Amino acid sequence: MNSIEESLNITSSSNYGLTLAEALGAEGTHEAVHASDEEEIHKDLADANGGTHRTEKEFEEKPRKVEQQFRDELAQIKENE
């Protein structure tokens, strides 16, 4: 929580300029993919149990994509206000 709050004021952070609730939403969508996307979970379990190894890029690709979609939709909402 502290690191998210601090990131709100760091100009190089993707959370810069967001409210705490908006930043939590963005971070939450990212983590939700790790926690609930069946395909991603199966790939992670296979990796952890000696199956096909996933690089960090592969591990983070879909969560980052979903997080960016959240951020894009949020920006669009703000533009239309």
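The values are calculated or read from the model by the stated rules, or taken from the named source; none is laboratory data. Worth saying up front: this structure is predicted, and the values here are computed from it rather than measured. No Cβ is skipped: glycine too gets one built from the backbone with ideal geometry, and neighbour counts run over all protein chains shown. When the accessible area is computed, the model is the full protein with side chains, heavy atoms only, and any ligands, DNA or RNA have been set aside. Shrake-Rupley method; radii C 1.70, N 1.55, O 1.52, S 1.80 Å.
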Handout entry: Average accessible surface area per residue within the stretch 15-81, 1.4 Å rolling probe, Å²
Key = 70 Å²
Completion exercise
Going residue by residue through the stretch 65-80, the Karplus relation 6.51 cos²θ - 1.76 cosθ + 1.60 with θ = phi - 60° gives ³J(HN,Hα) values, rounded to whole Hz and with x marking Gly or Pro, of 5, 5, 4, 5, 4, 4, 4, 5, 5, 4, 4, 5, 4, 5, 5, 8
Exercise for the section: Pop out the carbon and sulfur fraction of the accessible area of the chain as a percent, whole number, probe 1.4 Å. Expected result: 52 percent
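Run lengths n ≥ 4 of DSSP H only: what is the helix-derived mean residue ellipticity at 222 nm for the chain, with -39500 (n - 2.57) per run over all residues, to the nearest 500? Write out the running numbers ahead of the final one.
On the way: 4 runs with 58 residues, N = 81.
It lands at -23500 deg cm²/dmol.
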Exercise for the section: At 0.36 nm per residue, minus the direct Cα-Cα distance, what do Leu45 and Lys65 gain on full extension? Give it in nm, one decimal, please. Expected result: 5.1 nm
Handout entry: Local net charge near Glu61, Cβ-Cβ under 14 Å (Lys/Arg +1, Asp/Glu -1)
Key = -3
Handout entry: Separation in nanometres of the label points that stand 7 Å from Cα toward Cβ, at Ile77 and Ser36
Key = 1.6 nm
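For the chain, calculate the relative contact order in percent as a whole number, restricting contacts to Cα pairs under 8 Å that are 6 or more residues apart. Intermediate values should be presented prior to the final figure.
Details: 54 pairs, mean separation 19.7, N = 81.
Relative CO of the chain lands at 24 percent.
For the chain, state the semi-axes of the equivalent ellipsoid (square roots of 5 times the eigenvalues of the alpha-carbon gyration tensor), sorted largest first and rounded to whole angstrom. Walk me through the numbers on the way to the answer.
Numbers: eigenvalues 163, 39, 21 Å².
After scaling each eigenvalue by five and taking roots: 29, 14, 10 Å.
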